[in-house]
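All of the numbers you see were taken from the coordinates with simple rules; none came from a lab. In this text the structure is predicted, and so the values were computed from the model without any measurement. Cβ sites come from the backbone with ideal geometry, for glycine too, and all protein chains shown count toward neighbours.
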């Protein structure tokens, strides 16, 4: 992979990116390799970096310099890499991880979208997933990648009904986590008031 670090990254016109974009992309190469170990082909890795660089350059053309370029570049790289993974023959085994690797996989699963609003939505999804148990996270990973309940049930050695019921509970938990804090507070207050008056 040292070869990748030496390749000149270019935009759609075949021109090198600005030094700040090139530096951000190259600086994130080790993280890309850690979080997407299945991307082994150097040509694919270069393509991921160049696609991300094009999105970043386009955003800067439209909106000006990006304040937190490193963070923005990482989310963009992750989105492009996730899209690339979906194009390949992804298998459940590739998505099955244990321990600390689970967080890395969750970080890698974002839609191939590049506007600031879409990136912020991706960050929100990441924060919500962090509140789930490892089993809940794994079901969400598999569903997000596109596996059916039947495929997940076969992998886990359980029934389709159990997977569907479990996923329904996870969705309810996610909806609860996404509810505005004011709504949560107002739904708790009446119960406390009743308890005091009793």
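Highest mean packing comes first when the peptides 56-63, 134-141 are listed by Cβ atoms within 10 Å, giving 134-141, 56-63.
If you average 1/r across every pair of different Cα atoms in segment 1-88 and take the reciprocal, what Kirkwood value do you get, in Å? That comes to 13.0 Å for segment 1-88. If you take the beta carbon distance between residue 133 and residue 15 as r and set R0 to 41 Å, what does 1/(1 + (r/R0)^6) give as a FRET efficiency, to the nearest 0.05? The value I calculate is 0.30.
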